[in-house]
Amino acid sequence: MKQTKTQQFPKTKLAWLWENMQGTRGIYIVGMLGTIVYNVLQLTVPYYSGKIVDIFLTGENARENMRTNSDLFYKLLIAMVGFTFLRTIIVYLDCMIYEHVSQTVLYRVRNYLYNKIERQDMTFYSTYRTGDLMTRVTGDLDAVRHMVAWVIRMVIESFSLFGAAAIFFLYINWKMALCLLVISPFVFWIIYLFKNKVAPMHALLREKLAQMNTYAQENISGNRVVKAFAREDYEIQKFDKANKDYAETNKATGMVWLKFYPYVESIANLMPVVMLAVGGVFLIRGQLTMGEYVAFSGLIWAIANPMRQMGNIMNEFQRFSAASQKVMEIYYSEPKIKDAKDAVAHPERFEGKIEFEDVSFQYEDGDLPVLHDINFTVEPNEIVAIMGETGCGKTSLIHLIPRFYEPTKGQIRIDGIPIGKLKLADLRKNIGLATQDVLLYSDTIEGNIAYGDSTINLDEVMKFAKYSAASDFISKMPEGYDTIVGERGVGLSGGQKQRISLARALAVKPSILILDDTTSAVDMETEKQIQQSLRELDFPCTKIIIAQRISTTKAADKILVLQDGYIREAGTHEELLAKKGYYYELVKLQTGAEEL
Ligand code: DUT
Ligand code: MG
């Protein structure tokens, strides 16, 4: 289920960020100190120009000073230029530090997230939409990077500039300084009000972005359905709406600041006015020298600009807050299905005995159980066929074996060991699964078949293709096993894809092979061939085969007939025929016989 309420995390967002800066924290602190230094250095220019004005331009002995002490004049000029140059170098290096640290954090967190996502269980994948996950590892993470590279830097810049200027002002003329600084608390109050208004906007904005990305992702990967139903216009309109929605929300977010902006701007603009009025009075009264006035007015921006910048910073801070919430949700997510603490290693091959004992199952987001009290045992090397009408729970049942889901009741054992006690990797390595909806990777056919075990050579790949009756059509392709199949197996027929997926399941030489309707799209003749090869595999293997055709189930050692999540009938072909129940009726239907 979608998590709508705000999740609590073990760490605050900033503490989390700091944790992920591990390894670059030292250099980052150097960067932050650099920011302070280059901002304090901003004071040098007005300081020296003030001095020059007082000593050489407007002071009582200005002319005299220039004649007798021109050395000092040049020294002051050189100091001004020198500090400016030094400042440029520091800014340059500082930018590099921020960029380096932010990219390192981005890289680390992105890898970590990808790792988390890869290791999640099925429930996670049915909870989160792909477009939303993609947004988290791209857009949201970029907001986190931006926090490290820009927002924090701007906070330090603003505060150090403001602080340094304030101290400098107080040092030159505290009365004048207080007249200017008394206005600043209002700005903080306005920014606080702004924060409360803009925070929910950023959360909304982020949802809209994810929504838009989801539409795009679903439509691109499912474009065939769109085409089939000629719904391009409809989908384009749908996307256009999402896009517009996003743009509108973006605009609305921008507008929030516009409501507060005039007040902040007025206060910032008030500064030079106060400066002129109060400074003028102080000047006339002789409480302020011309040089000090120049220094003040040359630095008034260092008080006003941080105030202006505050809105921007707060805006970006809220963007970070909304985005990091999403990133941290994945960062701290734990798959519910994982290795038990007391899980035992089982590196050896399984014998392949499978036992279901009173197994019931319900999907987390489902209203009703889909499996009830399932009991059956499969001996090593046996073939079990599972039948039943669509939606009766066949796929759900076999998904419990590799622990894609956990039974709500009962126990499943392999070779007598409860599967919950096995390490997931050991368990799954032993299972070859051909899922109902086939997904192939954009890779060569060889690469797809060898997906589960990349150490096997081409000869073996060809052997498994032969088992799955795929070798004929593969060798007819111009590039044979080197043919690249497109995303999701574009370029292959449904039956061809199924056979490659079967070869892929076989290629891990599993001790348990599970086929979920894997031959539904192949013709009867080919299916017969496949059934034959499955009996002649050159490794021991227990097989669980979901199938609808009697031709497949007939030869099974055991047939389970599922109905509404219950095992209705179980036995061999002959036993079930004798029962004259569901299976009997099905055989009659499929063979067209009146009586059997
Ligand atoms: N179901 C869910 N969530 C899922 C998958 C399935 O609620 O993620 C429900 C749908 C259905 C029931 O579980 O009512 C059993 O589904 P299953 O896929 O196990 O049915 P099946 O026997 O494999 O049907 P089919 O022959 O169509 O593959
Ligand atoms: Mg199914």
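The values are calculated or read from the model by the stated rules, or taken from the named source; none is laboratory data. Here the structure is a predicted model, which means the values were calculated and not measured. For neighbour counting, all protein chains shown are included, and Cβ atoms are generated from backbone atoms with ideal geometry for every residue, glycine included.
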field: helices (runs of 4 or more DSSP H) wholly inside segment 457-519 that include at least 2 residues being of a type in the set (Asp, Glu) and modelled with pLDDT under 95
entry: 458-467
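Would you point out the residue of segment 548-577, among those that are assigned to a helix (DSSP H, G or I) and more than 16 Å from ligand 2 (Cβ to nearest atom), that is farthest from Gln590 (Cα to Cα)?
Taking segment 548-577 as the starting set, the residues that turn out to be assigned to a helix (DSSP H, G or I) are 550-553, 573-577.
From what's left, more than 16 Å from ligand 2 (Cβ to nearest atom): 550-551, 573-577.
Details: Ile550: 7, Ser551: 9, His573: 14, Glu574: 16, Glu575: 18, Leu576: 15, Leu577: 13 Å.
Residue satisfying both the conditions and the ranking: Glu575.
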statement: Within segment 517-541, residues being free of Cβ contacts under 8 Å to residues at least 24 places away in the same chain and over 28 Å from Glu351 (Cα atoms) number 1
query: Which one of these does Pro540 not meet: (1) under 41 Å from the mean Cα position of the chain (by Cα); (2) within 16 Å of ligand 1 (Cβ to nearest atom)?
result: (2)
message: Against the condition away from ligand 1 (no atom under 16 Å from the Cβ) and among the hydroxyl-bearing types (Ser, Thr, Tyr), how does Ser333 come out, does it pass?
response: yes
field: Qualifying positions in segment 428-456 - touching a residue at least 40 places away in the same chain (Cβ under 8 Å) and assigned to a helix (DSSP H, G or I)
entry: Lys429, Ile445, Asn448, Ile449
message: Can you confirm whether Pro46 is touching a residue at least 60 places away in the same chain (Cβ under 8 Å), out of contact with any Asp or Glu (no Cβ under 7 Å at 6 or more places or on another chain) and loosely packed, with under 15 Cβ neighbours inside 10 Å?
response: no
- request: Could you pull out the residue among Thr377, Thr390 that is touching a strand residue (DSSP E or B) at 6+ places or on another chain (Cβ under 7 Å) and among the hydroxyl-bearing types (Ser, Thr, Tyr)?
  value: Thr377
field: All positions within segment 100-149 that are farther than 22 Å from Leu205 by Cα and acidic (Asp, Glu)
entry: Glu118, Asp121
- prompt: Which of (1) surrounded by fewer than 21 Cβ atoms within 10 Å (Cβ to Cβ); (2) more than 16 Å from ligand 2 (Cβ to nearest atom); (3) under 21 Å from Ile545 (Cβ atoms) does Phe404 not meet, given it meets every other one?
  reply: (2)
- request: Could you check segment 1-105 for helices (runs of 4 or more DSSP H) lying wholly inside it with 1 or more residues that are among the aromatic types (Phe, Trp, Tyr), at pLDDT 90 or above and under 30 Å from Arg145 (Cβ atoms)?
  value: 13-19, 25-40
- line: Those residues of segment 352-394 that are within 16 Å of ligand 2 (Cβ to nearest atom), outside any strand (DSSP E or B) and surrounded by 18 or more Cβ atoms within 10 Å (Cβ to Cβ) come to a total of 5
